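Report on one structure; see the data block that follows.
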Amino acid sequence: MGRYDRELSAGIEAVRAAARVCRAVAQRLVTADTHEKKDQSPVTVADFASQAVVCQRLERAFPGDPVVGEEDASELRGAASALRATVQRAVSAEVGGDPGAAPVLSWIDRGRAPADGHRYWTLDPIDGTKGFLRGEQYAVALALIEEGEVVVGLLGCPNLPDDAGGQGALFATVRGGGARRLALWDAADAEGRRIEVAHPRSPAEARFCESVESAHSDQEHSAKIAALLGIRSEPYRIDSQCKYAAVAEGDASIYLRLPTRQDYREKIWDHAAGKLVVEEAGGCVTDAGGAELAFRHGRTLAANQGVVATCGGAIHERVIAAIQQVRGG
Ligand code: AMP
Ligand code: MG
């Protein structure tokens with residue numbers, strides 16, 4: 001028995017359940033005209049329902065564990081909330097039978113814990129909301145942090161290609177245990193297969209990935225950095241922590257996230273799971289200056305700016321040096 005076996009299997013179950021909820025909402029509700037609507041947008045419904053389902057599962061398995069989630073239920077507590085009813089329906093379909101409004105709200109609010117204990121989970125119920133709405137990549141991201149270290153990391157990626165010509169992948173890792181890719185929709189797949197980063201023969205042959213959204217990462221700077229490294233291939237632009245998964249399984253060798261604003265601080269739930277998946281696949285993750293990501297400053301990576309994930313080795317230093325050359329500092 002490994003130290004985190006129970007956490008890993010509860011986490012896997014929770015992420016699979018949340019992925020089913022997100023997929024169901026996407027199939028039912030995502031249409032062209034829902035893109036711009038703020039209230040009742042499918043991404044809002046799926047965000048809340050995904051957080052409810054993950055927190056419900058974690059509460060059952062680890063009742064004492066705090067969860068630091070992106071959402072809270074205050075928006076759903078109004079007297080006549082149509083959104084609340086829609087969220088409740090989405091949750092009911094997964095938990096079996098209607099649990100009622102109060103439990104659903106309290107599950108969502110379980111995710112409101114402060115990020116200051118010695119042990120807590122952190123959850124992004126839908127990372128890559130824009131990708132979700134476009135029918136492209138998004139992820140359910142769940143990680144366990146102990147004493148500032150990410151010790152379990154899980155990424156449910158409903159729209160990534162699977163090994164059988166379909167869609168869906170689950171990346172699961174425990175610190176020190178390697179990274180694995182499991183079938184997302186098949187609860188019987190407990191083992192999956194090991195994944196590892198790929199090392200290009202030279203930086204010039206590396207493929208790099210970055211956000212689709214230019215507001216989330218400086219794409220002009222990344223183009224200059226790629227040119228400095230001699231990279232000729234086009235950037236691989238995908239939403240969400242699927243970028244970490246791409247590096248972890250050798251689909252790309254570099255993930256660049258370069259701040260577009262001095263004052264933006266990365267959120268812990270946007271990086272905790274992905275960082276461990278890459279590291280356990282043999283890669284390296286730091287901030288844009290080469291410093292370790294520090295999960296000891298509450299809900300944000302307050303001591304860091306940007307993120308760089310690579311296959312590791314000499315290429316990581318080369319990338320950090322190129323960033324310094326282009327951005328100064
Ligand atoms: P991605 O799919 O990689 O573009 O990242 C999506 C995440 O970007 C969301 O979960 C947000 O938390 C985060 N985000 C929002 N604004 C910014 C910003 N200005 N810079 C970096 N990340 C951001
Ligand atoms: Mg996110």
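Observations
- Taking Lys and Arg as +1 and Asp and Glu as -1, the other residues whose beta-carbon sits under 14 Å from that of VAL15 total -1.
- Taking amide H as placed 1.01 Å from N in the peptide plane, the amide H of ARG119 sits under 5 Å from that of GLU147, each at least 5 places away or on another chain.
- Positive-pole candidate from VAL45, GLY176, SER233, dipole of the chain, charges at beta carbon: SER233
- Which of GLU196, GLU210 has the fewest Cβ neighbours within 10 Å, and the rest in rising order: GLU196, GLU210
- Per residue, the convex hull around the alpha carbon atoms of the chain comes to 134 Å³.
- Sequence of TRP121, TRP107 once ranked by neighbouring C-beta atoms within 10 Å, starting from the fewest: TRP107, TRP121
- The chymotrypsin sites (Phe, Trp or Tyr not before Pro) of the stretch 250-284 that DSSP puts in a loop, and whose beta carbon has at most 16 other beta carbons within 10 Å, are TYR264.
- Spatial separation of Cα centroids for the stretch 257-329 and the stretch 180-196, in angstrom: 27
- Each of LEU256, GLN305, TRP269 was placed along the dipole of the stretch 222-327 (beta-carbon charges, centred on the mean Cα), and the one lying farthest toward the positive end is GLN305.
- Exposure proxy order (Cβ contacts within 10 Å, fewest to most) of PHE171, PHE295: PHE295, PHE171
- Surrounding net charge for ARG265, when Lys and Arg each add one and Asp and Glu each subtract one, Cβ distance under 13 Å: 0
- With contributions of -39500 (n - 2.57) from each DSSP H run of at least four residues, the per-residue ellipticity at 222 nm computed over the chain stands at -11000 deg cm²/dmol.
- Nonlocal amide H pairs with ALA252, under 5 Å, H built at 1.01 Å: VAL247
- Computed on the chain, with alpha-carbon pairs under 8 angstrom and 6+ residues apart, the relative contact order is 15 percent.
- Charge dipole (Cα centre; +1 on Lys/Arg Cβ, -1 on Asp/Glu Cβ; no other charges) of the chain amounts to roughly 140 debye.
- Shown here for the stretch 61-158: GluC sites (Glu not before Pro) in loop regions (DSSP other than H, G, I, E, B) with at most 10 other Cβ atoms within 10 Å, namely GLU147.
- In this structure the amide hydrogen of ASP239, modeled in the peptide plane, comes within under 5 Å of the amide hydrogens of GLN137, VAL212, none closer than 5 places in sequence on its chain.
- For the pair ARG3 and ALA215, label points projected 7 Å from Cα toward Cβ lie 4.0 nm apart.
Rule-based calculations on the coordinates, nothing more; no lab input. Predicted, not measured: the structure shown is a model, and the values here were computed from it. A quick note on method: Cβ atoms are made from the backbone with ideal geometry, for glycine too, and the neighbour counts reach across all protein chains shown.
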